[in-house]
Amino acid sequence: MDYQKELKKLIDKNSGIIMSKDLKEYNIPRQYLSRFLKEDKLEKVERGVYTTPETFNDEMYILQQKNKRIIFSHETSLFLHDLIDRDPFKYTVTVPYGYNASHLKERGVEVHTVKKEFYSIGVIEKETNFGRTIKVYNKERTICDILKNRNNMDSSLLNTAIKNYLTGKGKNIPKLLDYSKKLRIKTILRRYLEMFL
């Protein structure tokens, strides 16, 4: 087997990014990674993550590749859905209860935890600015999450996001109401809908 060719194929398939765990999965000896680093075909971005020199550092994609259980949520999700125009100061993610997220918090990531039964409600795939696919909550789930977290949020940001959702394309009010019932914030949602509709 031509491991060099296999590694190149894998890097191309992953749009210029390779993780050391991928080597194990595809049975490529680590020495080929070292060779690519010496030949400047790859650069180390962080522990276990390597990119080609011409590849942009797609932090969101890398963060999720290293932490498969995270789902981008709250302010980060609002930004990805164009419901706010302000870049989030830090990434916000949701994980199921029991997930050890101390390493994420140390990195400055804001972490929310939910019961396992609520964790997968509204998960979709969306592209980052660099065209890589990540998991994020859909608009309806995100609106429910920010309403649930409204006391810890900038009220003008919250109001802007809700207004943009209600006046924008692709809204699904029946789905929003269904999620609000499941996530137990139906009364709060109705109050906000009455304010803005």
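The values are calculated or read from the model by the stated rules, or taken from the named source; none is laboratory data. Quick caveat: nothing in here was measured; it's all calculated off a predicted structure. Cβ atoms come from the backbone with ideal geometry, glycine included; neighbour counts cover every protein chain shown. Areas reflect the complete protein model, heavy atoms only, side chains present, ligands, DNA and RNA absent. Shrake-Rupley method; radii C 1.70, N 1.55, O 1.52, S 1.80 Å.
The table for this structure:
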{"item": "Cα centroid of segment 124-197 to Cα centroid of segment 1-68, whole Å", "result": "36 Å"}
{"item": "Cβ-derived FRET efficiency at R0 22 Å, Asn152 paired with Arg86, nearest 0.05", "result": "0.85"}
{"item": "Segment 109-175: translational diffusion in µm²/s, Stokes-Einstein, Kirkwood Rh over Cα pairs, 4 °C, 1.567 mPa s", "result": "96 µm²/s"}
{"item": "Principal semi-axes in Å for the chain [√(5λ), Cα gyration tensor, largest first]", "result": "38, 16, 14"}
{"item": "Hits among aspartates and glutamates - C-alpha to C-alpha of Lys163 under 14 Å, sequence gap 8 or more where chains match", "result": "Asp82, Asp85, Glu140, Glu194"}
{"item": "Choice from Leu158, Leu183, Leu23 showing the highest fluctuation, given a GNM over the chain with Cα pairs closer than 10 Å", "result": "Leu23"}
{"item": "Dipole magnitude of segment 1-56 about its Cα centre (Cβ charges: Lys, Arg +1; Asp, Glu -1), debye to nearest 20", "result": "200 debye"}
{"item": "Average accessible surface area per residue within segment 1-84, 1.4 Å rolling probe, Å²", "result": "55 Å²"}
{"item": "Straight-distance crosslink candidates among aspartates and glutamates, where the alpha carbon sits under 12 Å from Lys66 and sequence neighbours closer than 8 are dropped", "result": "Asp22, Glu46"}
{"item": "Dipole-positive endmost among Ile62, Leu83, Met19 within segment 1-145 (Cβ charges, Cα centre)", "result": "Met19"}
{"item": "Segment 45-86: C-alpha gyration tensor shape, a/c 1.5 cut-off, then a/b vs b/c", "result": "oblate"}
{"item": "Over 30 Å (Cα to Cα) - which of Lys41/Lys139; Lys8/Lys116; Lys21/Lys148; Lys105/Lys148 fall in this group", "result": "Lys41/Lys139; Lys8/Lys116; Lys21/Lys148"}
{"item": "Listed residues Gly48, Gly170, Thr133: farthest to the positive end of the dipole of the chain (Cβ charges)", "result": "Gly170"}
{"item": "Relative contact order %, the chain, counting alpha carbon pairs below 8 Å whose residues are six or more apart", "result": "15 percent"}
{"item": "Simple spin-label estimate for Arg30 and Lys8 in nanometres, 7 Å along Cα-Cβ", "result": "2.5 nm"}
{"item": "For segment 1-100, diffusion coefficient by Stokes-Einstein and Kirkwood Rh (Cα), 37 °C, 0.692 mPa s, µm²/s", "result": "215 µm²/s"}
{"item": "Protein accessible area in segment 79-197, 1.4 Å probe - carbon and sulfur %", "result": "47 percent"}
{"item": "Label-point separation, His112 to Asp178 (7 Å along Cα→Cβ), nm", "result": "2.0 nm"}
{"item": "Fluctuation leader among His74, His112, His103 - the chain, Gaussian network, Cα springs under 10 angstrom", "result": "His103"}
